[in-house]
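Colleague: Once you've had a glance at the structure underneath, I'll fire off some questions.
The values are calculated or read from the model by the stated rules, or taken from the named source; none is laboratory data. Only a predicted model underlies this, so the values are computations on that prediction, with no experimental measurement involved. For neighbour counting, all protein chains shown are included, and Cβ atoms are generated from backbone atoms with ideal geometry for every residue, glycine included. Just so you know, the surface numbers come from the protein's heavy atoms only, side chains and all, with ligands and any DNA or RNA stripped out. Shrake-Rupley method; radii C 1.70, N 1.55, O 1.52, S 1.80 Å.
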Amino acid sequence: MIIRSKFLALAAGTLALAMSTTALSTARAAYPEKPITVVVAYDAGGSTDVTARLLAPFIEKHLGGTRIEVVNKPGAGGEIGFAAIADAAPDGYSIGFCNTPNMVSIPIERQARFSADRLDPLVNVVDDPGVWSVPGDSTFKTLKDVAEHAKANPNTVTVGTTGVGSDDQLAMLLVQRQAGVQFTHVPFSGSAANYKAMLAKKIQISGQNLGEGLRGQASDQIRVLGVMSKERWKAAPDIPTFAEQGYPVLMASLRGVCAPKGLPADVRAKLVDAVTKAATDPEFVAKAEAKETFQPLRVLGPDAFAAELKQLDGELKSLWQSSPWLK
């Protein structure tokens with residue numbers, strides 16, 4: 001009887017374990033079962049927000065119709081939003097957009113509420129080079145105009161950026177050093193506020209990204225002084241590079257989907273697959289490349305995205321040692 005009881009208990013335990021394993025597999029196979037939140041670490045209306053809201057319906061499409069909710073959590077140059085992503089439960093229901101250089105530069109410059117190794121890069125979507133934009137009636141028509149005015153009037157040229165350690169500020173510091181001038185840095189919580197301040201002439205120059213500059217040219221009276229890429233972009237052949245004008249500055253912002261570290265492998269695979277299909281969906285590509293929403297696309301898988309971030313981390317740590325951007 002004792003042996004029989006032990007056998008029955010063992011059998012019951014094995015059955016319970018099998019049922020538990022089956023239930024777990026079923027639960028994971030059912031992902032996603034509820035809406036997914038996508039955190040944008042910047043203001044509504046900025047480039048990252050535009051990308052996220054443009055991409056969201058296509059992620060929904062390739063995840064079987066699951067609703068995607070875009071939530072803006074701006075502040076501290078992106079730190080608040082990046083921390084929200086890193087702190088979220090790694091279950092696939094809270095993901096977000098990670099932007100360079102901010103997600104890499106913030107933990108280098110200060111004790112941040114997140115670290116880059118707590119974020120899992122899934123798919124990069126956009127590679128957006130920097131530009132400088134001014135109101136259409138500005139006396140600045142070239143970078144030479146800006147440099148000459150700044151030399152004659154130190155600290156009077158105001159340059160708006162999306163915060164300390166952003167690609168906009170780093171680019172400003174590089175131009176400042178190359179031109180031998182001193183600008184006045186005006187940080188904002190996001191690109192939308194930065195752009196509005198330039199339109200209202202509260203600042204003279206808005207450090208932006210190409211997508212924002214092209215959208216601005218299409219809707220407002222603004223002038224883009226130059227683009228921080230190796231060559232002129234096909235979609236904007238009339239905009240000269242900074243290098244052409246004597247300032248060899250290369251600066252861009254990667255914008256891609258990331259998640260908190262620790263996603264279950266099957267959930268991560270589903271997200272990578274859905275975001276990749278969304279970012280390469282012909283309908284999304286057409287909308288992203290339209291003049292009204294122009295987004296310079298560069299789709300990278302997890303390994304390539306992670307490699308870009310690792311390289312940038314090394315470059316920024318080296319730059320910080322010689323030219324710290326936060327004092």
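Colleague: Ignoring ligands, DNA and RNA, what percent of the 1.4 Å accessible area of the chain is carbon and sulfur?
Modeller: 57 percent
Colleague: Another question about this same structure. Measuring from a point 7 Å past the Cα of Arg67 along Cα-to-C-beta, which residues in region 75-105 have an amide N at less than 16 Å?
Modeller: Residues passing the 16 Å test: 93-94.
Colleague: Using only the alpha-carbon atoms, how far is helix 265-279 inclined from the longest principal axis of the chain? Give it as 0 to 90 degrees, nearest 10.
Modeller: 40 degrees
Colleague: Could I ask something else about it? Checking the a/c ratio against 1.5 first, then a/b against b/c, what shape does the Cα gyration tensor give for region 60-140?
Modeller: oblate
Colleague: Could you sort the peptides 232-239, 182-189 by per-residue average Cβ neighbour count (10 Å cutoff), highest mean leading?
Modeller: Answer by packing, highest mean first, reads 182-189, 232-239.
Colleague: Let me ask another. Can you tell me the length gained on complete extension of the stretch His149 to Ala290, counting 0.36 nm per residue apart and subtracting the Cα distance?
Modeller: Working: separation 141, 0.36 × 141 = 50.76 nm, distance 3.54 nm.
Difference between extended and current length: 47.2 nm.
Colleague: Another question about this same structure. Taking the chain as a Gaussian network, Cα atoms linked when under 10 Å apart, which of Thr293, Thr48, Thr162 shows the biggest mean-square fluctuation?
Modeller: Thr293
Colleague: Once a ≥ b ≥ c are taken as the square roots of the eigenvalues of the Cα gyration tensor of region 188-327, is the result rounded (a/c under 1.5), prolate (a/b larger than b/c) or oblate (a/b not larger than b/c)? Walk me through the numbers on the way to the answer.
Modeller: On the way: a/c = 1.84, a/b = 1.30, b/c = 1.41.
Because a/c hits 1.5 or more and a/b fails to exceed b/c, region 188-327 counts as oblate.
Colleague: Then there's this: Which entries in the list Lys230/Lys270; Lys151/Lys310; Lys141/Lys202; Lys144/Lys327; Lys144/Lys310; Lys34/Lys277 go over 25 Å, if you measure between the two C-alpha atoms of each?
Modeller: Working: Lys230/Lys270 35 Å; Lys151/Lys310 37 Å; Lys141/Lys202 18 Å; Lys144/Lys327 28 Å; Lys144/Lys310 34 Å; Lys34/Lys277 20 Å.
Violating the 25 Å limit, Cα to Cα: Lys230/Lys270; Lys151/Lys310; Lys144/Lys327; Lys144/Lys310.
Colleague: Whole angstrom only: what separates the Cα centroid of region 262-327 from the Cα centroid of region 108-132?
Modeller: What the calculation gives is 9 Å, centre to centre.
Colleague: Follow-up. Ignoring everything but the protein chains, give the 1.4 Å probe accessible area of Thr139 in square angstrom, nearest 10.
Modeller: 110 Å²
Colleague: With the Cα gyration tensor of region 257-312 giving a ≥ b ≥ c as the square roots of its eigenvalues, does the rule (a/c under 1.5 for rounded; else a/b larger than b/c for prolate; else oblate) give rounded, prolate or oblate?
Modeller: oblate
Colleague: Nothing charged except the Cβ atoms of Lys and Arg (+1) and of Asp and Glu (-1): what's the magnitude of the dipole of the chain about its Cα centre? Round to the nearest 20 debye.
Modeller: 500 debye
Colleague: With a probe of 1.4 Å, find how much accessible area the chain has per residue, and write the answer as a whole number in Å².
Modeller: It amounts to 46 Å² per residue over the chain.
Colleague: First select every other residue whose beta carbon is under 13 angstrom from the beta carbon of Val40; then total the charges, Lys and Arg +1, Asp and Glu -1.
Modeller: 0
Colleague: So what's the net charge close to Ser322: Lys and Arg +1, Asp and Glu -1, counting the other residues with Cβ under 12 Å from its Cβ? List each step's numbers first, then the result.
Modeller: Working: positive: Arg177, Lys317; negative: Glu315.
Here the charged neighbours net out to +1.
Colleague: Given labels modelled 7 Å from the Cα in the Cβ direction, how far is it in nm from Lys261 to Trp320?
Modeller: Using points 7 Å along Cα→Cβ, the separation is 1.6 nm.
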